[in-house]
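The values are calculated or read from the model by the stated rules, or taken from the named source; none is laboratory data. All values derive from a computational prediction rather than experimental measurement. A quick note on method: Cβ atoms are made from the backbone with ideal geometry, for glycine too, and the neighbour counts reach across all protein chains shown. Keep in mind that these areas ignore ligands, DNA and RNA; they rest on the heavy atoms of the full protein, side chains included. Shrake-Rupley method; radii C 1.70, N 1.55, O 1.52, S 1.80 Å.
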Amino acid sequence: MQLETRFRWLPAPLLSLLLFLVWLLLNNSVSPGHLVLAVILAIVIPLVTSPFRTKQPLIIKPGLAFRHLLLVLYDIITANVQVAILILGPTKKLTPGFVKVPLDLTHSLPITILASTVSLTPGTVSAEVYPWSENLTEGNKPEQQFLLIHVLDLKDEQALINTIKQRYEAPLKEMFEC
Amino acid sequence: MLETVILIVFAMIGVSLLLNLWRLLIGPSVPDRILALDTMYINTIALIILYGMSMGTSLYFEAALLIAMLGFVSTVAVCKYLLRGDIIE
Amino acid sequence: MTEWIISILLLIGGSFVLVGSIGLVKMPDFFMRLHGPTKATTLGMASLLTAAMVFFSTTQAGVSVKEILISLFLLLTAPISGYMMIKAAIHHKLESIERTKGIDNIEDDV
């Protein structure tokens, strides 16, 4: 896991890129004036705000991250069609359930991304990360964390856990190298 | 043709807003009502974008963006209040 | 041609939004209701906004891409608000319907 960037004047490269793009999108133009202003904002805002932000792990493999993003987008579309069919079908046949998925990830940012992907993909909404962070004393790491998810139509618990671990967790683990 | 389609989609969004309103009224619990409100926010964005399209102006984009942001922040604030009895700790 | 694309995207978006709201009314307990709005409505909005993007790019001068911002924002915030709501529901110990499996997996909170 790598927390610091190589460049001191660019503490959060992805945030800078995001600010640059959002400024251009908000103004809906690529005129030179807006480009310069976007570059200034993209450099100044992360520099000013970096002391307030907790250090987050950086994406080490951007190519893998991009491929994972495309996979997730594709899954979101298929997931929506599946959920739409489930919703319009008979409600009596659905068997909802809570499932606990053991996590290999340790840092909070990858866990947040995993929870959000799980929420957007087929029939699952992530609910909670166990054990409760309030119960842990400062600096005391739990041995094993769990993600509690609610499934709209639970057929095979073990298969679902395996899908989540292989399809969504393994790439995250690899791209953050933790 | 586009005018007709926009009218049909207007009707669809209107029906979904009514369904959300029904859920908001019958509850039965507070999180249910929050969920209904959150969905109503999102459907209102859709309504505003559609209105902009039928008027042929993109001026309503800023209003839609503002509703999206305020909707998210208010949902999170109300949930936080339910969880803690306090918003800013 | 673009009129067809816009119409199809609009109809897809409208139907997904409608399906999300139907799920909100139809499902028997809160946890199942949450699935409709967090997923179906998000994709419906993305589709509607893409239609708006194509529409404004063809009818007005220049390309209009700022609608992507709203789609991205909704895509990012939908899981988070869903997570906050399910957390509030678990905190209030809402009843889930009887055939829900694995209720023991919920731990009592502090």
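Tabulated values for the structure
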| read-out | value |
| --- | --- |
| Whole-number D in µm²/s for region C:2-97 (Stokes-Einstein; Kirkwood sum over Cα pairs; 4 °C, 1.567 mPa s) | 88 µm²/s |
| Whole-Hz ³J(HN,Hα) from phi, Karplus 6.51 cos²θ - 1.76 cosθ + 1.60, for region B:64-69, glycine and proline x | 4, 4, 5, 5, 4, 5 |
| Region B:2-84, relative contact order [Cα under 8 Å, separation at least 6], % | 28 percent |
| Accessible surface ranking that places the most exposed of C:53, C:1 first, with a 1.4 angstrom probe | C:1, C:53 |
| Of B:61, B:78, B:21, farthest towards positive along the dipole that unit charges on Lys, Arg, Asp, Glu beta carbons give region B:2-84 | B:78 |
| Crossing angle, helix A:108-120 versus chain A [Cα axis fit, 0-90 degrees, rounded to tens] | 60 degrees |
| Projected-area average for region B:2-84 over all orientations - Cα convex hull basis, square nanometres | 5.5 nm² |
| For residue A:157, solvent-accessible area (1.4 Å; no DNA, RNA or ligand), Å² | 80 Å² |
| Per-residue ³J(HN,Hα) for region C:56-66, Karplus 6.51 cos²θ - 1.76 cosθ + 1.60, θ = phi - 60°, Hz, x for Gly and Pro | 6, 5, 8, 8, 10, 5, x, 8, 10, 10, 5 |
| Under 5 Å, built H, 5+ apart or other chain: amide partners of residue A:127 | A:148, A:149, A:150 |
| Crossing angle, helix A:32-49 versus chain A [Cα axis fit, 0-90 degrees, rounded to tens] | 70 degrees |
| Built amide H within the under 5 Å cut-off of residue B:58, gap 5+ | none |
| Proximal lysines to residue A:92, defined as alpha-carbon separation beneath 25 angstrom and excluding residues fewer than eight positions away on the same chain | A:100, A:155, C:26, C:39, C:93, C:101 |
| Whole-Hz couplings from phi, Karplus 6.51/-1.76/1.60, listed for region C:96-101; x for Gly and Pro | 10, 5, 4, 7, 5, 8 |
| Gain on full stretching of the segment that runs from residue A:14 to residue A:85 - 0.36 nm per residue minus C-alpha separation | 21.9 nm |
| Electrostatic dipole magnitude of chain C [Cβ: Lys, Arg +1; Asp, Glu -1; Cα centre; debye, to 20] | 240 debye |
| Other-chain or far-sequence residues with amide H under 5 Å of residue C:64's (modelled H) | C:57 |
| C-alpha long axis of helix B:30-55 to longest principal axis of chain B, angle in ° | 20 degrees |
| Debye log10 I(q)/I(0) at q = 0.16 Å⁻¹ for region A:1-106, Cα point scatterers | -0.94 |
| Compactness relative to 2.2 N^0.38 Å, alpha carbon Rg of chain A | 1.25 |
| Sum of -39500 (n - 2.57) over DSSP H runs of 4+, divided by residues of the protein assembly as shown (222 nm, nearest 500) | -21000 deg cm²/dmol |
| Dipole moment magnitude, nearest 20 debye, region B:2-84 about Cα centre, only Lys, Arg, Asp, Glu C-beta charged | 340 debye |
| Heavy-atom accessible area order for B:51, B:41, largest first, 1.4 Å probe | B:51, B:41 |
| Cα gyration tensor shape of the protein assembly as shown, rounded if a/c is under 1.5, else prolate or oblate by comparing a/b with b/c | oblate |
